Amino acid sequence: MAGKRKTTTRAAATTGQKGRPRRTTRSTYATSPAEVSTRADAQGQPPEPQDPEIQGPEAQPNPGATLDQELQQLQAQLQRAQQERDRMAVAFAANQQATQASAQAAEIRQQLAVLHAEMLSMQHAVPASTSAIPASAATATIPQGPPPVINQPTMPAQVTRRPTDPKSPLSEGIQQSPWPTAYKPITLPKFNGKTDPHQFIMSYEAAVASAGGDDAVLAKSFVIAAEGDALAWYSMLKPSTVYSWENLRDKILANFKGLAAQSLTSTDLFQCKQMQGETLHDYFRKFMQVKAKAPDVPDEIFIEAAIKGLRIGPFAAHLARKKPTSI
């Protein structure tokens with residue numbers, strides 16, 4: 001037909017496939033390592049590093065070299081640990097030797113103290129030696145007549161050793177010391193470990209001294225005065241660790257120092273108040289008991305605190321106007 005454009009159809013490249021045939025193309029991003037290197041050389045740039053998984057086996061790290069380095073480090077650490085252990089072993093051995101030497105020295109000192117105490121007791125027991133013969137008597141002419149009777153020197157009496165208790169806290173020297181002939185046993189003050197040790201020691205020393213006792217008597221008689229917790233503490237002391245009364249007194253004060261009475265201050269005095277319904281006599285007696293525990297507070301503070309503690313009334317007003325000069 002005239003005026004109509006002829007059209008032609010193009011056969012499909014593949015039977016049964018519609019549309020244009022797919023052209024096989026290659027992406028510029030999917031390139032091989034050789035192509036990347038060639039392209040970089042053409043552009044004058046260094047090749048980009050590739051993923052280890054893409055690189056060849058010759059680019060992988062050598063695991064054998066890493067293991068050798070780790071082994072060398074472990075061997076160096078082991079050597080340093082062994083050197084530190086040897087140094088600590090030498091220090092420990094030196095410390096053990098010092099501890100043993102200190103214990104031996106303490107034991108020798110204890111034995112020396114026991115020997116000195118025994119020697120002292122023996123010196124008191126041995127009678128005084130007879131006076132020496134004068135030289136003039138030795139050179140004098142012996143008169144004619146019957147030979148004089150020469151008295152044989154008397155041997156000193158042997159010291160009788162008393163039986164001792166090996167488990168006693170007292171040393172052998174104190175146990176062997178004799179009781180004074182003028183000592184008269186009396187009733188001693190008791191100490192149970194729950195009162196002030198200073199007060200007990202003052203009354204205990206005064207009682208023993210008034211009965212004619214000495215330091216050895218004080219040390220040996222403490223077991224009679226102790227009771228309760230104090231007696232239990234004394235019985236648990238190590239044998240032969242008490243060499244004198246002074247040594248035992250220091251042990252008592254050190255063990256029971258928490259029970260020592262503390263001195264009061266002026267603040268404690270001002271806290272003493274007259275309670276409602278409490279008479280003046282009872283109030284002043286209570287105040288004087290508190291005053292006895294505060295020996296270092298001046299009398300002016302005592303007077304001021306006693307007036308401040310009174311309840312409001314005529315007597316308190318009178319003392320406020322005219323303060324007394326003494327307790």
| Considering only region 286-327, how many residues are of a type in the set (A, V, I, L, M, F, W, C), surrounded by fewer than 13 Cβ atoms within 10 Å (Cβ to Cβ) and in a loop (DSSP other than H, G, I, E, B)? | 3
| query | Does A76 qualify as being part of a helix (DSSP H, G or I), free of Cβ contacts under 8 Å to residues at least 40 places away in the same chain, loosely packed, with under 10 Cβ neighbours inside 10 Å and over 38 Å from the mean Cα position of the chain (by Cα)? | reply | no
| said: Of everything in region 161-206, what is of a type in the set (A, V, I, L, M, F, W, C) and under 30 Å from M119 (Cβ atoms)? Give them in sequence order. | reply: L170, I174, W179, A182, L188, I201
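Matching residues to (1) farther than 30 Å from T241 by Cα; (2) assigned by TED's automatic domain parsing to the domain that holds Y243; (3) charged (D, E, K, R); (4) at pLDDT below 75:
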position	(1), (2), (3), (4)
L78	yes, no, no, no
Q82	yes, no, no, no
Q96	no, no, no, no
V114	no, no, no, yes
| query | Mind checking which residues of region 190-203 are among the hydroxyl-bearing types (S, T, Y) and within 17 Å of G228 (Cα to Cα)? | reply | T195
| query | A206 passes all but one of (1) hydrophobic (A, V, I, L, M, F, W, C); (2) free of Cβ contacts under 8 Å to residues at least 60 places away in the same chain; (3) crowded, with 16+ Cβ neighbours inside 10 Å; which number fails? | reply | (3)
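The values are calculated or read from the model by the stated rules, or taken from the named source; none is laboratory data. Quick caveat, the model's predicted, so the values are computed rather than measured. All Cβ positions, even for glycine, are placed from backbone atoms using ideal geometry, and neighbour counts span all protein chains on display.
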